[in-house]
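The values are calculated or read from the model by the stated rules, or taken from the named source; none is laboratory data. Note that the structure is a prediction, hence the values are computed from the model and not measured. With ideal geometry, Cβ positions are generated from the backbone for all residues, glycine too; neighbour counts draw on all protein chains shown. What goes into the accessible areas is simple: the full protein's heavy atoms, side chains included, and nothing from ligands, DNA or RNA. Shrake-Rupley method; radii C 1.70, N 1.55, O 1.52, S 1.80 Å.
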Amino acid sequence: MLVPLDRALILFIISVLLVVGSFCLVAGETNTLESVPDLEKAMYINVEGYPCVRLLNLSGEIGCSNPGQKKIVAPVFRLGKIDKLLFHSFAVLVPLEELESFLLRHDFVCLFRVSSDPKFAQRIAGVLVEATGFKNRSLGFSPDEKFPQADFAPYPNVSFQWNPRGSGIMWNHYDFPVFLLSDESAKLLQEMATKNENNFKAYPSTVAEFDLVMQTTKAETRDSASCLKKQSCLPLGGYQLVFAVFTGEAWGYLGSRRFLLELELGADSLKGLNGSMIEQVLEIGSVGKGLSEGKTTFFAHSGHDTSSTNEMLDALKKASLSLGSDNVNIKKADVSNPGVPPSSLMSFLRKNSSVSGVVLEDFDTFFINKFYHSHLDDPSNINSSSIAAAAIMVARALYILASDSPHLNLITLNSIKVNVSLVEELVECLLTCEPGFSCDIVKQFISPSNVCPSHYVGVFVDLPSETQHPQYADDTSRFVWNFLADRSSGSQKTAIPCKVDCHNPADVCVAAETESSRCVTSTTRYVPSYSTRLKFEGNSWHILPPNTSDPLGLVDPVWTESYWNTIGLRVYTVQSSAYDNLILLIGIVITVATYITTLVARTFLLKALKHD
């Protein structure tokens, strides 16, 4: 039986339903939200970027971190507009070509340091760096020092500027988060910053949320000694290869110094080798920019003018002449240079000053690479033909040195060629993300965990393994080890598949991560790379006291990396507090109205049922 209701009550119920329905309709016109993750995805945009993280040494900190233990939220504005902001803290969007002047101008070097504008510095919530749009590449961009790692130089002139474009900003301490944006993220943030600037002092506003909280900040451990003691950090380290591809050289020459120490201690990873066997060191340095105006020129930098060094120089010159019309020239570096440029050879010379060594470079008195130690030092900044020219010249020079005969076999010498297409393929695999480690030659040897190759040294969680299949070896180290082991093994390969080890102790298992694994005879080895001042004992890392017999250990910074839980950057829109209060009030009104409607309807229904 239908019960007649009061006309006013019916209109009230309909009006409430229309209000509620209008809210649902607005939500339904955009996206169908079926879960909390859907709602979160609709509200927040995750930004792709590369964070600057916190590193530590015995003296203090470098790198970036949120200043406290919480996320930071601030509106985004472009660098050219921030002078108009009088009251807000803000995230600033900085073009890459203005980053150095921005950081150095405001002197964000360390916390509590007197700067040119301390009030302004306190208002910086975070920095977002546009990686693209570098208009004037001739200016260069190098965040390293003008003399990288000068403390390790085997000569007193440490004011020499090997890297004249170096700003040193990578070695400073920034008490705010910094992210290098991808191309798409930079465009997104530019649009959002423009909206904020057009709606200045108005809402809605787009904000960036920085999640770059470092464990060392939480634990208040401000150097390597304290953070290792409280276990809020891990030591930098990785695996290098012998024949020898040193890892971590940018962080206090971790690789070459650890190699020499392992050699001295007679470690299993270097069984069969000893320091007395090292008579000459030929290091291939920066050789990607030797080609100019159709000619390829390299410079030989030597530590001492000895007969052994001259023998190496002569071998390089003979190798150059053997190439004939290929126009590959070798020159001795300027005698006015203070010594060898920043290189692994410095470690050998500081360990044993009588070692003869030559570093092959594409520069004479200073780096011609204008993007040294920056993300812009990519394949567009080098020439694969220059690398191939260096490869064939070094290969022939090594043959000349190894022949130990005044009469060279020219037929054999001239038969030494370089596979130019292989060089080009390796450049694409090791230095780009497309194809990166998805290229065929990499997949022949390993199953990479990432497509984009990383050349960061990494960290050691616990005691480094001395096996030929270490647990923490990264993609780059594993690929290079497999590639070198395969290429240096000659033509004799067994068809026996393997997983880790081979029956013959002299063999190693190549491509163990693939279906084409095989045993080959090779002396290519993994050697751990970490500070010579560190020891893993009692399930934790400890810093050893300095040893006067190790001169480089006295200046070893002992680099560590802070732990963190998550790192993230996202943007979203916020409304004014008045708008939020209005929405809250409307919600309360709807809730109360719905409750009253329910009570009234219930009362009428009860009366109607009783009347019936």
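Assorted remarks:
- The 3J(HN,Hα) values that the Karplus relation (6.51, -1.76, 1.60; θ = phi - 60°) gives for segment 504-519 are, in residue order, 7, x, 7, 9, 10, 8, 9, 6, 5, 8, 10, 7, 9, 5, 7, 9 Hz. Gly and Pro appear as x.
- Distance (nanometres) between label positions extended 7 Å along Cα→Cβ at Ser403 and Ile45: 6.4
- With the simple model of a label 7 Å out from the Cα in the direction of the Cβ, Leu599 to Ile368 spans 8.7 nm.
- A simple charge model with +1 on the Cβ of Lys and Arg, -1 on the Cβ of Asp and Glu and nothing else charged puts the dipole of segment 44-230 at about 420 debye relative to its Cα centre.
- Extension gain, Asn136 back to Asp183 (0.36 nm per residue minus Cα-Cα distance, nm): 15.1 nm
- Rounded FRET efficiency, nearest 0.05, which uses the C-beta distance separating Thr591 from Lys84 and R0 of 51 Å: 0.75
- Pairwise alpha-carbon distances in segment 44-230 exceed 19 Å for 63% of all pairs.
- The phi torsions of segment 467-484, fed into the Karplus equation with coefficients 6.51, -1.76 and 1.60 and a -60° offset, translate into couplings of 7, 7, 9, x, 5, 9, 5, 7, 4, 4, 4, 5, 5, 4, 4, 4, 5, 5 Hz, rounded to whole numbers, with Gly and Pro shown as x.
- When a 1.4 Å probe is rolled over the protein heavy atoms, the share of accessible surface on the chain that falls to carbon and sulfur comes to 56 percent.
- Cross-link check: pairs Lys195/Lys218; Lys417/Lys443; Lys146/Lys351; Lys187/Lys289; Lys146/Lys535; Lys289/Lys443 evaluated at a Cα-Cα cut-off of 27 Å; pairs beyond the cut-off: Lys195/Lys218; Lys187/Lys289; Lys146/Lys535; Lys289/Lys443.
- Built amide H within the under 5 Å cut-off of Val459, gap 5+: Gly237
- Largest first, the residues His173, His407 sort by 1.4 Å accessible area into His407, His173.
- Average accessible surface area per residue within the chain, 1.4 Å rolling probe, Å²: 53
- Based on C-alpha pairs under 8 angstrom that are at least 6 apart in sequence, the chain has a relative contact order of 20 percent.
- Sites Leu606 and Thr194 - FRET efficiency at Förster radius 51 Å, r taken between beta-carbons, to 0.05: 0.30
- Distance between segment 420-478 and segment 207-225 - C-alpha centres, whole angstrom: 29
- Considering segment 279-418 at the alpha-carbon level, its Rg and Dmax are found to be 15.1, 47 Å.
- Chain lengthening between Leu584 and Ile284 when straightened (0.36 nm per residue, less Cα-Cα): 101.3 nm
- Residues whose amide H comes within less than 5 Å of that of Ile496, counting only those at least five positions distant or on another chain, are Cys519 (H built at 1.01 Å from N in the peptide plane).
- Sequence of Ser101, Ser562 when ordered by accessible area, the most exposed leading, probe 1.4 angstrom: Ser101, Ser562
- Kirkwood Rh and Cα Rg combined as Rg/Rh, the chain: 1.11
- Paramagnetic label reach from Tyr472 (point 7 Å along Cα→Cβ; backbone nitrogen cut-off under 13 Å): within segment 437-458, residues 457-458.
- A Förster distance of 22 Å, applied to the separation of the beta-carbon atoms of Ile567 and Ser454, puts the FRET efficiency at 0.90.
- Built amide H within the under 5 Å cut-off of Val245, gap 5+: none
- The packing ranking, built from the mean of other Cβ atoms within 10 Å per residue, places the peptides 314-325, 445-456 in the order 314-325, 445-456, highest first.
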